[in-house]
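Enquirer: Mind looking over this structure? Questions follow.
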Amino acid sequence: MDILVQVLLLVGGIAGVALGASWLVDSASRIAARLGISELVIGLTVVAFGTSAPELAVSVLAALKGSGDISVGNVVGSNIVNVTIILGAIAMIRPFSTPHNIVKRDGPVMIIVSAVLGLMLFDASLGRLESVVLLAIFAAYLGYFFWKKEAPDDTTPVSPMRRFDPLLLLVSLGLVIGASHVMVDAAVTIASRAGVSQWVIGSTIVAFGTSVPEFATSLLAVLKKRNALSLGNLIGSNIFNIVFILGIAGTIHPLSVALSSRIDVAIMVGIAVVVFVMAVTSRRISRLEGAVLFLLGVAQWVWGYMR
C-alpha cells in the first residue's frame, strides 16, 4: 500500500512540475519578448532555461540528499529524451528546417559539453572543481548572447507582457521546486524498496517526467511554424542541463554515480552527433529521420529501465 502511495506522489510530482514549468515558460517568454530579444535567442536561453527548471530543481534537491545517481541520471536521461523521443515525435508530426545558427554554433556546443561531461564522469564522480569548470562554460556561453545580441525577426509575434507576469514567474518557480521535492523523495523510496537502482529511476522515469515541458513547448512552437524557438529550446536545454544544472548541483555537493553511467553518457554523446549530422546534411529534420530518432530513444529508455 505504501509503494502505491509513493507511485501516486511520483505521478503527482511530475504533473506539478509540468504545470509549473508551463507557467514559467509562458511568463518568461513574454518578459523576454518585451525586451526585444530574437526568437532564436529566446529559445536558446530564456525558454530553454524555463523548461530546464524541473531538471534544475530535481538535480539540486537530489544532490542535497546525496543521491548523485538521480541528480546526474536525470540530466543525462533528459538530454537523451529531448533529442530522440521529443525531437523525433515532433519531426514525425511536422518535418522542419534547422536554423543556420543552430547548425553552425549551438549543435557543436552541445556535442562538446556532452563529451566534456563524459570525461568528467569517467571516474564515476563529479567534483566541485569540475562543476566550477562547467559553470564557467555556462557563463561564457551566456555571455556570448549578451555580447552578440540578435535583433528579433520582423515575422516573430511579440506577446504583450502582462502586469502579473513577474509574480507568475515566482509562483511557477515555487511550484516547480515543491513538486520536484515530492518527485525526488518518491523516486528514491520506490527505487530502494523495489530493488531498482537510483541511476535507472533517475535516467528513465524522473528524466521523462522532467522533459514534459520541453515536449509541450517545442511541439507547440513547431505547429506555429516557429522552428528556431522549437529546436533552440531543445538544444539550449541540453546545453543548460549539463553546464548550468550539473555545475550548480556539483558545486553544492560533489556527486558520485554508478559505473554503468558511462554507457548512458556515451549514448548521449553519440546521439548528439547523430542529430548534428542530420541537421547538417539536409538542413532539416525529415519524418524518416524523426522516426529513427524516436525509435532510438524508445529503445534506449526501455533498455535502461529493464537492465
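Enquirer: With GLY304, GLY297, GLY270 as the choices, which residue is among the small types (Gly, Ala, Ser), assigned to a helix (DSSP H, G or I) and either over 26 Å from ALA191 (Cα atoms) or more than 19 Å from the chain's Cα centre (by Cα) (or both)? Reasoning before the result, please.
Expert: Working: GLY304 fails: either over 26 Å from ALA191 (Cα atoms) or more than 19 Å from the chain's Cα centre (by Cα) (or both); GLY297 fails: either over 26 Å from ALA191 (Cα atoms) or more than 19 Å from the chain's Cα centre (by Cα) (or both).
Going through GLY304, GLY297, GLY270 in turn, the sole match is GLY270.
Enquirer: Taking GLY107 as meeting all but one of (1) under 19 Å from PHE138 (Cβ atoms); (2) modelled with pLDDT under 75, write down the number of the exception.
Expert: Of (1) under 19 Å from PHE138 (Cβ atoms); (2) modelled with pLDDT under 75, only one is false for GLY107: (2).
Enquirer: Could you list, in sequence order, the residues of the stretch 186-203 that are surrounded by fewer than 24 Cβ atoms within 10 Å (Cβ to Cβ) and of a type in the set (Val, Ile, Thr)?
Expert: Passing the criteria: VAL188, THR189, ILE190, VAL196, VAL200.
Enquirer: Next question. Which is under 17 Å from the mean Cα position of the chain (by Cα), in contact (Cβ under 8 Å) with a residue 24 or more places away in the chain and in a helix (DSSP H, G or I), of ILE190, ILE235?
Expert: On the way: ILE190 fails: under 17 Å from the mean Cα position of the chain (by Cα).
Of the residues listed, the single one that is under 17 Å from the mean Cα position of the chain (by Cα), in contact (Cβ under 8 Å) with a residue 24 or more places away in the chain and in a helix (DSSP H, G or I) is ILE235.
Enquirer: So, one more: Collect the residues in the stretch 189-215 that are under 27 Å from LEU234 (Cα atoms) and hydrophobic (A, V, I, L, M, F, W, C), keeping them in residue-number order. Write out each step before concluding.
Expert: Step one: list which residues in the stretch 189-215 are under 27 Å from LEU234 (Cα atoms), which gives 198-215.
Listed by number, the residues that qualify are TRP199, VAL200, ILE201, ILE205, VAL206, ALA207, PHE208, VAL212, PHE215.
Enquirer: If you don't mind, another one. Of all helices (runs of 4 or more DSSP H) completely enclosed by the stretch 1-91, which ones contain at least 2 residues that are at pLDDT 80 or above?
Expert: On the way: elements: 2-34, 39-42, 48-51, 53-64, 68-81.
Of the helices (runs of 4 or more DSSP H) lying wholly inside the stretch 1-91, those with at least 2 residues that are at pLDDT 80 or above span 2-34, 53-64, 68-81.
Enquirer: Additional query: Starting from residues that are assigned to a helix (DSSP H, G or I) and surrounded by fewer than 21 Cβ atoms within 10 Å (Cβ to Cβ), keep the ones in the stretch 94-108 and report whichever is nearest to the chain's Cα centre (by Cα). It would help to see each step written out before you state the result.
Expert: Filtering the stretch 94-108 for residues assigned to a helix (DSSP H, G or I) gives 100-108.
Those still in the list that are surrounded by fewer than 21 Cβ atoms within 10 Å (Cβ to Cβ) too: 100-101, 103-105, 108.
Working: HIS100: 22, ASN101: 20, VAL103: 19, LYS104: 21, ARG105: 18, PRO108: 17 Å.
The residue in question is PRO108.
Enquirer: Another question, if that's okay. Among the residues of the stretch 261-291, write down those that are surrounded by fewer than 17 Cβ atoms within 10 Å (Cβ to Cβ) and in contact (Cβ under 8 Å) with a residue 12 or more places away in the chain.
Expert: Step one: list which residues in the stretch 261-291 are surrounded by fewer than 17 Cβ atoms within 10 Å (Cβ to Cβ), which gives 262-263, 266, 270, 273-274, 277, 280-284, 286-288, 291.
Answer for the stretch 261-291, where residues must be surrounded by fewer than 17 Cβ atoms within 10 Å (Cβ to Cβ) and in contact (Cβ under 8 Å) with a residue 12 or more places away in the chain: ARG262, ALA266, VAL273, VAL274, VAL280, ARG283, ARG284, SER286, ARG287, ALA291.
Enquirer: Of everything in the stretch 90-107 that's in contact with a helix residue (DSSP H, G or I) (Cβ under 6 Å, 6 or more places away or on another chain) and β-branched (Val, Ile, Thr), which residue is nearest to PHE215 (Cα to Cα)?
Expert: Filtering first and then ranking leaves ILE90.
The values are calculated or read from the model by the stated rules, or taken from the named source; none is laboratory data. This is a predicted model, so every value here is computed, not measured. Cβ coordinates were reconstructed from backbone atoms using ideal geometry, including for glycine residues, and neighbour counts include every protein chain displayed.
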